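Encoded as structure tokens, the structure appears first; notes follow it.
The values are calculated or read from the model by the stated rules, or taken from the named source; none is laboratory data. What you see is a predicted model, and the numbers here were worked out from it, not measured in a lab. Glycine gets a Cβ as well: all are built from the backbone with ideal geometry, and neighbour counts include every protein chain shown. When the accessible area is computed, the model is the full protein with side chains, heavy atoms only, and any ligands, DNA or RNA have been set aside. Shrake-Rupley method; radii C 1.70, N 1.55, O 1.52, S 1.80 Å.
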Amino acid sequence: MNKTILAISGSLREGSSNTQLLTLLGTWAPAAINYQIYTGMGGLPHFIPMAEGKAYPAAVQNLHQQLNAADAVIICTPEYAFGVPGSLKNLLDWTVAAGNFVDKPVAVITASSQGNYAHPSLLTTLGAINAHIIEGATLLIPFIRAKMDTGGHVIDAATEKELRLVFDNLLKAIKG
């Protein structure tokens, strides 16, 4: 049976290093893996706790459907103003009541100029929503722009090796 990995970029910027990394990882996915990059983050409304029985907006319903269909999630995010980008935090807030991340295998990559604040913050948020952070599937990549070329290829051998390890550990977690 094929497995699905949903990749989420924490950046809405066109040409983002994070989206480029997720695209690269998709090329490494075995044929039996349905690898999809989520593209709806920019269309999510600002999070507002929903009244009981009220329907979620269509963009949020789509997010929930994609997360529920995924066997695993990989998040790759930059750091903005020493924290997780607001758009990514908004996405995660929309999943709290629905429980989309509960026990879901998740890999986390922070690729930024620094990332020292966003990485632990994101891991804390994912812990609060009961995501299953896979051992060996988290990575902080500082100075990402110096480690990639303009075509989205990783040019730093050590970084590529670490990325492959993170992705391999996520794949191992969902084989069964």
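Tell me whether region 66-73 contains one or more residues that are part of a strand (DSSP E or B), surrounded by 15 or more Cβ atoms within 10 Å (Cβ to Cβ) and not small (Gly, Ala, Ser).
Within region 66-73 (the criterion being part of a strand (DSSP E or B), surrounded by 15 or more Cβ atoms within 10 Å (Cβ to Cβ) and not small (Gly, Ala, Ser)), the answer is yes, since at least one residue qualifies.
Return a yes/no flag: does region 74-97 have any residue that is open to solvent by 10 Å² or more (accessible area, probe 1.4 Å), among the hydroxyl-bearing types (Ser, Thr, Tyr) and more than 26 Å from Gly152 (Cα to Cα).
Checking region 74-97: not a single residue is open to solvent by 10 Å² or more (accessible area, probe 1.4 Å), among the hydroxyl-bearing types (Ser, Thr, Tyr) and more than 26 Å from Gly152 (Cα to Cα).
Out of region 126-176, which residues are β-branched (Val, Ile, Thr), within 18 Å of Ala70 (Cβ to Cβ) and open to solvent by less than 40 Å² (accessible area, probe 1.4 Å)?
Matches in region 126-176: Ile129, Ile134, Val166, Ile174.
Considering only region 13-34, state which residues are aliphatic (A, V, I, L, M) and surrounded by 13 or more Cβ atoms within 10 Å (Cβ to Cβ).
Hits for region 13-34 are Leu21, Leu22, Leu24, Leu25, Ala29, Ile33.
Could you list, in sequence order, the residues of region 32-48 that are assigned to a loop (DSSP other than H, G, I, E, B) and among the β-branched types (Val, Ile, Thr)?
Result: Thr39, Ile48.
Check region 57-64 and report whether any residue there is part of a strand (DSSP E or B), among the small types (Gly, Ala, Ser) and at negative phi.
no
Out of all the residues in region 103-112, is one or more closer than 23 Å to Asp168 by Cβ, touching a Cys at 6+ places or on another chain (Cβ under 7 Å) and not aromatic (Phe, Trp, Tyr)?
Yes - at least one qualifying residue is present in region 103-112.
Which one is farthest from Ile174 (Cα to Cα), of the residues in region 1-12 that are open to solvent by 30 Å² or more (accessible area, probe 1.4 Å) and in contact (Cβ under 8 Å) with a residue 12 or more places away in the chain?
Residue satisfying both the conditions and the ranking: Leu12.
Give the residues of region 63-79 that are in contact with a helix residue (DSSP H, G or I) (Cβ under 8 Å, 6 or more places away or on another chain), at pLDDT 95 or above and farther than 9 Å from Pro105 by Cβ, sorted by residue number.
Leu63, His64, Leu67, Ile74, Ile75, Cys76, Thr77, Pro78 - these are the residues of region 63-79 that are in contact with a helix residue (DSSP H, G or I) (Cβ under 8 Å, 6 or more places away or on another chain), at pLDDT 95 or above and farther than 9 Å from Pro105 by Cβ.
Looking at region 38-53, is at least one residue touching a residue at least 12 places away in the same chain (Cβ under 8 Å), among the acidic types (Asp, Glu) and either open to solvent by less than 40 Å² (accessible area, probe 1.4 Å) or more than 26 Å from Gly115 (Cβ to Cβ) (or both)?
No, region 38-53 contains no residue that is touching a residue at least 12 places away in the same chain (Cβ under 8 Å), among the acidic types (Asp, Glu) and either open to solvent by less than 40 Å² (accessible area, probe 1.4 Å) or more than 26 Å from Gly115 (Cβ to Cβ) (or both).
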